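See structure below.
The values are calculated or read from the model by the stated rules, or taken from the named source; none is laboratory data. All figures in this text were calculated on a predicted structure; none of them were measured in a lab. Because the Cβ atoms are built from the backbone with ideal geometry, glycine has one as well, and the counts that use them run over all protein chains shown. Calculation scope for accessible area: heavy atoms of the full protein, side chains included, ligands and nucleic acids excluded. Shrake-Rupley method; radii C 1.70, N 1.55, O 1.52, S 1.80 Å.
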Amino acid sequence: MRAMGFPVVSYQRYDNIEDCVERIEWLGEHRDELPFDMDGAVIKINRLSQRQTLGSTAKAPRWAVAFKYPPEKKESRVLDIVVQVGRTGVLTPKVIVEPVRLAGTTVSAATLHNQDNIDRLDLRIGDTVLLQKAGEIIPEVLSVNKAKRPEGTVPFAMPSLCPECGSPVVRDPDGAALRCTSPECPAQRLRNIAHFASREAMDIEGLGLSVCESLVNAGLVKTPADLYSLKAEDVAALERMGDKSAQKLIAAIDKSREAGLARLLCAFGIRQVGQKAAKVLASHYPDLDALTAADTEELTRLPDIGAITAGFLTEWFQKPQSQHQIRLLREAGVDFSSHEEKKDDRFANLTFVLTGALQKFTRDEASALIESFGGKTSSSVSKKTSYVVAGENAGSKLTKAQSLGVPVLSEDEFAQLLR
């Protein structure tokens with residue numbers, strides 16, 4: 001590897017564990033001097049015959065053990081605190097710091113989450129802060145070095161008006177989040193349109209955030225319903241778009257009219273109504289009108305729909321701006337009917353876990369079939385799991401199912417249940 005130009009750390013071979021541990025500690029102390037980033041070290045048995053004897057579990061070899069170093073921490077100075085507005089109207093503070101190299105990348109900003117977290121840290125513009133990457137990925141502020149605080153700093157307070165549109169903000173009664181109260185907020189508008197078009201929602205291919213931003217900035221789109229009145233020639237005139245790209249996008253938008261109730265509900269961006277809840281609702285109501293007529297008590301009788309989610313649903317449908325959006329989508333020819341075919345309730349109150357490589361179905365196809373018969377799927381095995389469907393090379397989930405006594409179905413046995 002070295003002869004081919006790769007930067008490498010010379011491995012060391014020892015005949016005792018104490019020297020291995022000492023080497024790991026040395027690497028940890030000198031990792032900043034290495035020509036690449038690293039976050040851990042591994043002790044391996046060197047003799048191949050011993051490796052074969054020790055074998056492996058479903059997840060890892062028994063002949064190797066990894067040590068992970070604590071996250072790298074560095075100080076930087078706070079240049080500013082800015083507030084961003086998300087798709088659901090939540091105001092999120094973000095700290096801007098002097099750029100610093102941290103765990104392999106240059107960090108110049110970190111989220112502060114909310115006012116409560118800022119107050120806990122007592123963080124101010126001009127402070128020196130200690131940074132690390134949570135999970136080696138997301139930059140976060142650990143603490144403030146108050147000994148280095150310059151004179152004249154003042155505590156930071158979140159704004160009482162939305163920084164994007166100037167509308168009043170309110171605090172969630174059930175949490176620390178502040179929200180903009182305006183449904184016409186430009187920041188929410190862009191993110192709402194991008195979410196509406198996203199893969200888990202209406203799945204409009206080619207309509208990512210950058211294209212949405214171009215459409216909004218050009219004044220072509222103000223609401224998701226405006227997408228359905230776009231003309232190819234208007235889209236082709238946008239930067240980085242041509243006739244062919246524009247025609248493809250218009251075709252994808254037109255196709256999304258038939259996406260169905262489950263995708264539409266997800267696209268609305270109602271709090272706590274994601275793909276799973278949307279499918280549950282679409283499997284119990286034939287169309288949007290029937291769902292809109294349901295009250296909170298009726299909704300809570302559905303599986304996986306609790307009182308809080310039901311409250312968010314009824315509240316959203318009662319808003320004048322929501323009713324306006326539904327009317328515009330109806331006029332645009334969007335299909336409000338459910339495409340979730342529910343054959344019978346043979347899997348009612350049953351939970352399935354899929355594991356291994358399935359040959360006759362994709363995971364999505366198998367999950368959809370289970371849900372169409374009234375069942376649920378889960379990603380983890382527990383005592384409450386009804387069946388585990390095991391394909392080829394099933395791993396730890398199969399082992400856990402066997403240890404808990406959960407019935408395990410082969411793919412053929414699962415197919416038999418579907419007949």
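Given the C-alpha centroids of region 156-173 and region 305-346, what is the distance between them in whole angstrom?
29
How much net charge surrounds Ala310 when only the other residues with a Cβ under 10 Å from the Cβ of Ala310 are counted, with Lys and Arg +1 and Asp and Glu -1? Show your work: numbers first, answer last.
Working: positive: Arg301; negative: Asp295, Glu297, Glu298, Glu315.
Here the count lands on -3.
Please state, rounded to one decimal and in Å, the Kirkwood hydrodynamic radius that region 71-131 gives when every pair of distinct Cα atoms enters the mean of 1/r. Don't jump to the answer; show the numbers that get you there.
On the way: mean 1/r = 0.0820 Å⁻¹.
Every distinct Cα pair counted, the radius reaches 12.2 Å.
Just how many % of Cα pairs in region 231-370 lie over 18 Å apart, if you round to the nearest whole percent?
Working: 6271 of 9730 pairs.
Cα-Cα pairs of region 231-370 separated by over 18 Å account for 64 percent.
If you take every residue apart from Ala66 with its C-beta less than 13 Å away from the C-beta of Ala66, what net charge results, scoring Lys and Arg +1 and Asp and Glu -1?
Details: positive: Lys44, Lys59, Arg62, Lys68; negative: Asp39.
Neighbourhood net charge equals +3.
Hey, what's the chain come to in accessible area per residue, 1.4 Å probe, Å²? The partial results should precede the final answer.
Numbers: 23860 Å² over 419 residues.
Averaged over the residues of the chain, the accessible area is 57 Å².
Roughly what % of Cα-Cα distances in region 179-255 sit above 22 Å, to the whole percent? Don't jump to the answer; show the numbers that get you there.
Working: 489 of 2926 pairs.
Every Cα pair in region 179-255 considered, those over 22 Å come to 17 percent.
Restricting everything to alpha-carbon atoms, can you work out Rg to Rh for region 215-259 with a Kirkwood hydrodynamic radius?
Values: Rg = 10.2 Å, Rh = 10.7 Å.
Reported Rg/Rh (Cα atoms, Kirkwood Rh): 0.95.
Suppose the Debye formula is applied to equal point scatterers at every Cα of region 139-232; what is log10 I(q)/I(0) at q = 0.10, 0.19 Å⁻¹?
Once normalised to I(0) and log-transformed, intensities are -0.45, -0.97.
Round to a whole number: what % of the accessible area of region 46-182 belongs to carbon and sulfur, probe 1.4 Å? Display every interim value, and only then the final one.
Numbers: 4190 of 7740 Å².
Carbon and sulfur: 54 percent of the exposed surface of region 46-182.
Taking region 1-35, which trypsin sites (Lys or Arg not before Pro) meet the DSSP loop condition and have no more than 13 other C-beta atoms within 10 Å? Walk me through the numbers before you get to the answer.
Numbers: sites: Arg2, Arg13, Arg23, Arg31; in loops: Arg2, Arg13.
Sites meeting the loop and neighbour criteria: Arg2, Arg13.
Roughly how many Å² of Arg263 are accessible to a 1.4 Å probe, to the nearest 10?
Its accessible surface works out to 80 Å², give or take rounding.
Given the Cα atoms of region 88-193, and with Rh set as the inverse mean 1/r over their pairs in the Kirkwood sense, what is Rg to Rh to two decimals? Walk me through the numbers on the way to the answer.
Working: Rg = 15.5 Å, Rh = 15.4 Å.
Over the Cα atoms of region 88-193, Rg/Rh equals 1.01.
Can you list which of the trypsin sites (Lys or Arg not before Pro) found in region 131-205 are DSSP loop residues with at most 12 other C-beta atoms within 10 Å? Write out the running numbers ahead of the final one.
Numbers: sites: Lys133, Lys146, Lys148, Arg171, Arg179, Arg189, Arg191, Arg199; in loops: Arg199.
Qualifying residues, ordered by number: Arg199.
Could you pull out the longest piece of the chain with no exposed loop chymotrypsin sites (Phe, Trp or Tyr not before Pro) in it, calling a site exposed if DSSP puts it outside H, G, I, E, B and it has at most 11 other Cβ atoms within 10 Å?
Values: sites that count: Tyr11, Phe36.
Value returned for the longest uninterrupted segment is 37-419.
Mind listing which GluC sites (Glu not before Pro) in region 321-383 are in a DSSP loop and have 14 or fewer other Cβ atoms within 10 Å? Could you put the intermediate results ahead of the total?
Working: sites: Glu331, Glu340, Glu341, Glu365, Glu371; in loops: Glu340, Glu341.
Sparse-neighbourhood loop GluC sites (Glu not before Pro): Glu341.
Per the Kirkwood formula on distinct C-alpha pairs, the Rh of the chain is how many angstrom? Walk me through the intermediate numbers first.
On the way: mean 1/r = 0.0379 Å⁻¹.
26.4 Å is the Kirkwood radius here.
Apply the Karplus parameterisation 6.51 cos²θ - 1.76 cosθ + 1.60, with θ equal to phi minus 60°, to every residue of region 224-238 and state each ³J(HN,Hα) to the nearest whole Hz, in sequence, with x for glycine and proline.
Ordered by residue, 3J(HN,Hα) equals x, 5, 5, 4, 7, 10, 5, 10, 4, 5, 5, 5, 4, 6, 6 Hz.
Find the cysteines in the chain that fail to meet the 4.7 Å Cβ criterion with every other cysteine, and list them.
Cys20, Cys212, Cys266
Just to check I understand the Karplus step: with θ = phi - 60° and J = 6.51 cos²θ - 1.76 cosθ + 1.60, what whole-Hz values come out for region 364-369, glycine and proline as x?
Couplings: 5, 5, 5, 4, 5, 5 Hz.
In Å, what Rg and Dmax follow from the Cα atoms of region 1-116?
21.1, 60
So which lysines can Lys279 reach, going by Cα to Cα under 27 Å and dropping same-chain residues fewer than 8 places off?
Within the straight-line limit of under 27 Å, Lys279 reaches these lysines: Lys255, Lys319, Lys342, Lys343, Lys360, Lys376, Lys383, Lys384, Lys397.
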